[in-house]
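The values are calculated or read from the model by the stated rules, or taken from the named source; none is laboratory data. As the structure is a prediction and not an experimental result, all values here were calculated from the model. Ideal geometry is used to build each Cβ from the backbone, glycine not excepted, and the neighbour counts take in all protein chains shown.
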Protein chains: 2
Amino acid sequence: MRQAGRYLPEYNKTRARAGSFMALCKNPELACEVTLQPIERYRFDAAILFSDILTIPDAMGLQLDFVEGHGPKFNKKITNEDDLVNTIQTDPYEKLAYVGSAVNLIRKNLDTNIPLIGFAGSPWTLACYILGGGGSRDDFIQVRKWLYNRPELLELLLRKLTKNIINYLTMQIEKGADAIMLFDSWGGLLSHHNFPIYSLQYLREIVSALKKQNPSIPTIVFVKGGGLWLKSIASIGCSGIGIDWTVDLKEAKQIGKGKCAIQGNLDPAVLLGDEKYIRKEVRKLLDGLTVDEQKNGYIFNLGHGISQYTPPKNVEVLVDAIREY
Amino acid sequence: MRQAGRYLPEYNKTRARAGSFMALCKNPELACEVTLQPIERYRFDAAILFSDILTIPDAMGLQLDFVEGHGPKFNKKITNEDDLVNTIQTDPYEKLAYVGSAVNLIRKNLDTNIPLIGFAGSPWTLACYILGGGGSRDDFIQVRKWLYNRPELLELLLRKLTKNIINYLTMQIEKGADAIMLFDSWGGLLSHHNFPIYSLQYLREIVSALKKQNPSIPTIVFVKGGGLWLKSIASIGCSGIGIDWTVDLKEAKQIGKGKCAIQGNLDPAVLLGDEKYIRKEVRKLLDGLTVDEQKNGYIFNLGHGISQYTPPKNVEVLVDAIREY
């Protein structure tokens, strides 16, 4: 849940050297450097690739830009069937080779005891950004219109994305990723009826394809706002489920029992608080579990990306509180 | 779920005459006019007061403004204990008398068969805006910091707000409101552990106070993103629960059975779609219920505010589809 890493001064320095966020993503040496920074500082149990979920649509020809203070923006927009059909069927080994090189370099430079997590956005979440032309301030309402307007076009896009994501993640695994995480950051915008149709079935397809090709690589699926759907998420064959802070960890553990590990749950806002509250929240969260549940199949993590306003020392306090517990 | 009413041309005309959104809120004649507009156009089964959840903090002295394209903004900010302690303990009969006059006028002009719903924001939701100085683009992360930093100050604010909300809603009932709706628009930002502490207990206090004073007035509680907590919401004594579109209506009905009516559930984005999909979604939603569940204790409604981009004719289609069904 590194969310780029803007809370770390060393990240901001490297980013400044790169010139722009996308230049940083596309430079394997610098991407490796920022991937390792939090590991060096905090000795986390795992590293996650520094990259962005929007590398795929960028490689599909939509030309991604990050506008300061406005977030992601695509210079090319998809507004009709023609745009969609003509969208390039990217071969990730070519246009996304920079990510493969970064994974390769990181794996070489990372302590062999520390697993490297590769990742991608979910098809639905990428579709939100693609059809929205970038980020949104109103819960992608204009994108959600496609659900009730041109569902067949939306499905076409989702199928294309699914294929690209499978290829992209396969490449990451080949280059050295030890586990894969899928981020469905906007899954929670879908209705109870539509989540299985427009997001979960594609997540299932990706998880199955990866599992078939690489049975030993764990897959973690995180659906922000998906707490109501944990049972169905647990049924798609993933090794782990990421949960946000609205979920009752105890219940999630029961749903995952014997099937999926559970990861996450801490409100990222805790890290903006005082030390005593950070320690208190860690205890509250872990005290809710039995010793068996604490020890087996639970991965401590935030319930969403770390805030850029997080004081770096608070992450130290968090790690210390968890290890002490 | 009228969300002001920007999708209606007649609303926009009246708003233009008023000069600003707040001038419209503070003018009982114009507030009455816009409250009645959707009733005249669509013959809805109930009317909801035109107002804003931020009238209370405005009356508390924070000076609310709506900046075009940027949403609500308070000119006075609460940043420390002094600000908080010195915040005016509003008497709603005075500073919010304009809302009372509007309710009174609407009740006189509204068909006697059509109930008028009064409303207020929840203490937690108002606290988000107050401590955030207005709206937020990052899920009120700087406000959520107070949860883990100065919880005692946050609680002080929540208690003040609870008192004001009770007085405010009591006034609305005295002036003619036939039912009350509480909007906890940001309840879903709280963690599983914190929702009961920082939102639900105050909602319970408000519902209890209103019920004690006016046992015949129904209260509806809507927590956006609160689908995981329906059981605890159903336990606070409210007459109805509003649900967003991520919730399984069938499950909500089972949780509410014998206790609370269920209201809502349709994704507001449906209304941006084509007629055939609007009709299809209505059928899908209602087909999931037994005839008994359809007829008893279910109020058809959107799962959140109507989008400003909604074509007015689509609302006609929706009402027609529901009545036809």
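Go through the range B:1-75 and tell me which helices (runs of 4 or more DSSP H), entirely inside it, have 1 or more residues that are in contact with a strand residue (DSSP E or B) (Cβ under 7 Å, 6 or more places away or on another chain) and either at positive phi or in contact (Cβ under 8 Å) with a residue 24 or more places away in the chain (or both).
Numbers: elements: B:9-18, B:21-26, B:28-42.
Because the criterion is at least 1 residues that are in contact with a strand residue (DSSP E or B) (Cβ under 7 Å, 6 or more places away or on another chain) and either at positive phi or in contact (Cβ under 8 Å) with a residue 24 or more places away in the chain (or both), the helices (runs of 4 or more DSSP H) in the range B:1-75 that meet it are B:21-26, B:28-42.
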- Item | Among the candidates A:317, A:270, A:247, A:282, residue that is at pLDDT 95 or above and not in a helix (DSSP H, G or I) | A:247
- Search result, residues across the range A:222-246 that are hydroxyl-bearing (Ser, Thr, Tyr) and surrounded by 24 or more Cβ atoms within 10 Å (Cβ to Cβ): A:246
- Message: Could you check the range A:163-172 and list, in sequence order, the residues that are among the β-branched types (Val, Ile, Thr) and surrounded by fewer than 24 Cβ atoms within 10 Å (Cβ to Cβ)?
- Response: A:166, A:170
- Task: Restrict the check to the range B:229-236 and report whether at least one residue is facing another protein chain (nearest Cβ under 9 Å) and within 14 Å of residue B:184 (Cβ to Cβ).
- Result: yes
- When every residue in the range A:108-121 that is over 19 Å from the mean Cα position of the chain (by Cα) and not in a loop (DSSP other than H, G, I, E, B) is compared, the one surrounded by the most Cβ atoms within 10 Å (Cβ to Cβ) is A:109
- Message: Quick check on the range B:125-142: of everything there that is more than 10 Å from chain A (Cβ to nearest Cβ) and under 19 Å from residue A:304 (Cβ atoms), which residue is surrounded by the fewest Cβ atoms within 10 Å (Cβ to Cβ)?
- Response: B:136
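Within the group A:145, A:160, A:175, which residue is within 12 Å of chain B (Cβ to nearest Cβ), charged (D, E, K, R) and buried (at least 19 other Cβ atoms within 10 Å of the Cβ)? Outline the logic, then answer.
Details: A:160 fails: within 12 Å of chain B (Cβ to nearest Cβ); A:175 fails: within 12 Å of chain B (Cβ to nearest Cβ).
Only one candidate passes the filter, namely A:145.
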- Task: Search the range B:251-303 for residues being among the aromatic types (Phe, Trp, Tyr) and more than 13 Å from chain A (Cβ to nearest Cβ), and hand back the single one that is farthest from the chain's Cα centre (by Cα).
- Result: B:298
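Among the listed residues B:64, B:96, which satisfies the condition of being touching a Phe, Trp or Tyr at 6+ places or on another chain (Cβ under 7 Å), more than 14 Å from chain A (Cβ to nearest Cβ), crowded, with 18+ Cβ neighbours inside 10 Å and modelled with pLDDT under 95?
Numbers: B:96 fails: modelled with pLDDT under 95.
Exactly one residue qualifies, and that residue is B:64.
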- Query: When you look at residue A:242, is it outside any helix (DSSP H, G or I), modelled with pLDDT of 95 or more, away from chain B (no Cβ under 14 Å) and closer than 24 Å to residue A:192 by Cβ, yes or no?
  - Reply: yes
- Task: Determine if the range B:178-186 includes at least one residue that is assigned to a helix (DSSP H, G or I), within 14 Å of chain A (Cβ to nearest Cβ), crowded, with 18+ Cβ neighbours inside 10 Å and modelled with pLDDT of 95 or more.
- Result: no
